[in-house]
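One structure is given below, encoded as structure tokens.
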Amino acid sequence: MEKANILVVDDSFSNLLLIKDILSSNDNYRVFTENDGDRVLEQLNANKIDLILLDIMMPKTDGYEVCRRIKEDAGFRDIPIVFLTAKVDESSLLRGFELGGADYIKKPFLISELMARVKNHILLKKTNERLKNELFKHSITQQQLEASQMELTIRNKIAHQFLTDPSNEAYNILLEEILKYVEMDFGAFGYLDSIDGRIPASSKKLICPALYSGSVESDQNYVYSMDDIGDIALAAIGKKPVVQKNNVSKLFFTSEEVKCMIAMPVIYKNDVIAIIACAGRQSEYIDHCREKLAGIADFVAQIIYNRMAENIARHQLIHSINDTQAHERSRFAKDIHDGLGGLLSSLNTYISILKSGLLSQTETSGMLGEMQKIVTETAQEARNIANNQNSDTVRKLGLSESIRYQFERIFMNSKGTELILIDSSYAKTSDERETAIYRMVNELMNNAYKYSHATRINITISSAIDKIQLTYHDNGIGFDVDQAMERIKNKPVSGLRNIQERVISLNGKIKIGSAPNKGMLVEIEI
């Protein structure tokens with residue numbers, strides 16, 4: 001495939017480098033640059049240029065003057081010029097179009113917009129050249145030439161409308177222009193709401209955002225769904241144009257003036273993506289109209305496909321953002337529950353002891369100091385959670401000492417509870433994993449203190465080359481695991497479910513065992 005030559009004219013070297021780098025990412029483009037408007041004609045003489053991207057605001061010779069000179073030269077006037085401008089007021093845009101500009105791109109521009117506009121103008125330029133070559137080779141008549149020029153004008157208008165108008169009005173314009181070109185009176189347009197080739201076309205839903213009913217005023221002149229279209233839609237799915245004379249389907253048009261109809265599938269990469277139907281008062285030139293409609297359908301196929309693909313990509317991006325936000329909200333809730341729960345429980349225990357009034361002045365002072373440390377740690381932990389950072393306690397003390405430290409805080413008012421922590425075969429792993437393990441153990445110890453009244457907690461942590469194993473066992477009152485999991489299923493935040501989800505997020509496995517009066521056993525492998 002021959003490369004398209006693009007000339008970028010801008011007095012800013014940084015802009016030239018940026019645009020050249022963006023366009024050069026497409027192997028089908030060869031990019032030339034010029035920073036002086038007075039040398040643009042030299043570039044055009046030296047290189048066969050297919051498209052000019054022209055900055056308006058240049059110090060010596062501005063873009064308007066450069067455009068005027070190009071359009072005055074018969075050898076270059078057919079080269080499309082797209083203005084790059086920060087001036088988007090009506091008078092500035094009007095002046096650019098009056099001088100022969102084909103389009104404009106507002107600075108600062110979106111990369112996707114730049115690539116889309118360049119792609120479409122290159123396509124139009126190549127189409128224009130191909131049509132001119134075909135007309136020249138076959139020495140066609142003046143009447144045929146005018147018809148081809150009309151088709152080119154319609155194609156330009158359709159492409160421009162689809163590029164600049166994101167609403168369904170673009171489809172209305174498409175239909176109106178097609179009806180003018182094929183010389184028929186009434187029409188309907190529908191596009192398939194899925195362009196996934198893996199889905200059978202016969203099961204896709206047909207949507208009709210646009211309708212043109214000509215002089216016929218009737219609310220019955222519209223397309224329903226694919227099932228209602230019947231034989232016409234099925235023929236389109238079979239990729240065959242449908243022609244009906246004097247027996248027009250009432251599913252499309254009900255006017256008595258309608259004598260013939262054409263339904264044409266729009267096909268892109270062997271997949272039907274849309275259907276165009278036209279109807280007319282005359283039936284004498286139906287074959288000629290069908291040929292014209294087939295040409296337009298072939299031309300708009302890629303434009304419609306690209307538009308639908310962009311819409312799908314936009315929806316996927318929105319869903320991705322929503323999923324990310326939901327995941328982040330879930331993480332935040334879990335981290336607050338697991339990360340701050342233990343600290344706040346310790347603080348609550350200290351307050352209960354102080355309220356008992358059994359401490360001496362020295363003991364009270366010491367406890368207040370501990371409480372101040374907990375408040376400071378709670379604030380820091382909250383900041384870490386908000387910023388998605390790991391726990392300061394684990395980073396400073398290490399995993400095992402953090403667990404012992406938190407145990408002392410949680411069970412300080414329960415001197416009969418013993419912690420047996422075995423970690424002789426454990427080697428340090430990442431802070432992220434250790435923070436996750438610490439928060440899981442913290443949650444289990446909190447549950448043991450609040451609910452199970454355990455007097456002994458056994459924790460074993462071990463690691464090998466590719467995994468970490470954590471075993472937690474207490475001798476508390478235990479519970480029915482199935483009933484407990486069913487009870488917490490619809491709770492927004494739950495300790496046991498948080499632990500399960502943390503393990504799953506780390507590609508690990510978890511097994512929970514318990515029964516009334518049998519304590520609790522949790523085995524985790526990450």
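General remarks:
- Take 365-377, 113-125 and order them by the average number of nearby Cβ atoms within 10 Å per residue, most first; the result is 113-125, 365-377.
- Spin-label zone in region 1-43 - amide nitrogen under 16 Å from a point set 7 Å from the Cα of Glu113 along the C-beta vector: 19
- Simple Cβ-charge dipole of region 432-526, Lys/Arg +1 and Asp/Glu -1, about Cα centre, in debye nearest 20: 180 debye
- More than 12 Å apart - percent of Cα-Cα pairs taken over region 1-43: 57 percent
- Computed over region 1-103: relative contact order in percent, which uses C-alpha pairs under 8 Å that are six or more apart: 25 percent
- Since only Ser112, Asn128, Ala74 are under comparison, the one whose Cα sits farthest along the positive direction of the charge dipole of region 1-143, derived from C-beta charges on Lys, Arg, Asp and Glu, is Asn128.
- Note that region 42-57 has calculated 3J(HN,Hα) couplings of 4, 4, 5, 6, 7, 9, 7, 9, 9, 7, 10, 9, 10, 6, 7, 8 Hz, one per residue in order, obtained from phi through the Karplus relation 6.51 cos²θ - 1.76 cosθ + 1.60 (θ = phi - 60°); glycine and proline are x.
- Kirkwood Rh, angstrom, region 86-128 [1 / mean 1/r, Cα pairs]: 11.5 Å
- When the surface is traced with a 1.4 Å probe over the full set of protein chains, Glu284 keeps roughly 120 Å² accessible.
- Each of Tyr472, Tyr305 has its accessible area taken with a 1.4 Å probe; listed largest first, they run Tyr305, Tyr472.
- The string of couplings for region 177-184 from the Karplus curve (6.51, -1.76, 1.60, θ = phi - 60°) is 5, 5, 4, 4, 5, 8, 6, 10 Hz, one whole number per residue in order, with x for Gly and Pro.
- Across all Cα pairs in region 424-502, the calculated P(r) in 10 Å bins from zero up to the longest distance comes to 15, 44, 31, 9 percent per bin.
- Exposure ranking of Asp165, Asp287 by accessible area [1.4 Å probe, largest first]: Asp287, Asp165
- Area of Asp271 that stays accessible when all protein chains are in place (1.4 Å probe, Å², to 10): 30 Å²
- Pairs spanning more than 29 Å between alpha-carbon atoms, out of Lys48/Lys180; Lys396/Lys467; Lys428/Lys489; Lys355/Lys511: Lys48/Lys180; Lys428/Lys489; Lys355/Lys511.
- Solvent-accessible area per residue in region 417-467 equals 48 Å², computed with a 1.4 angstrom probe and all protein chains kept.
- Stretchable slack from Leu94 to Asn306, in nm (0.36 nm times residue separation minus alpha-carbon distance): 73.5 nm
- His473 sits with roughly 60 Å² accessible to a 1.4 Å probe, with DNA, RNA and ligands left out of the calculation.
- Taking all protein chains together and a 1.4 Å probe, the residues Ser452, Ser360 rank Ser360, Ser452 from largest to smallest accessible area.
- Semi-axis lengths (Å, descending) of the ellipsoid that matches the C-alpha gyration tensor of region 465-518: 22, 17, 8
- According to the Cα-based calculation, Rg over Rh for region 391-526 is 0.94, with Rh computed by the Kirkwood formula.
- Three-way shape call for region 22-114 based on the alpha-carbon gyration tensor, with the a/c threshold at 1.5: oblate
The values are calculated or read from the model by the stated rules, or taken from the named source; none is laboratory data. Bear in mind the structure is a predicted one, so any value in this text is a computation, not a measurement. Here the Cβ is made from the backbone with ideal geometry for all residues, glycine too, and neighbour counts use every protein chain on show. For accessibility, only protein heavy atoms count, side chains too; no ligands or nucleic acids. Shrake-Rupley method; radii C 1.70, N 1.55, O 1.52, S 1.80 Å.
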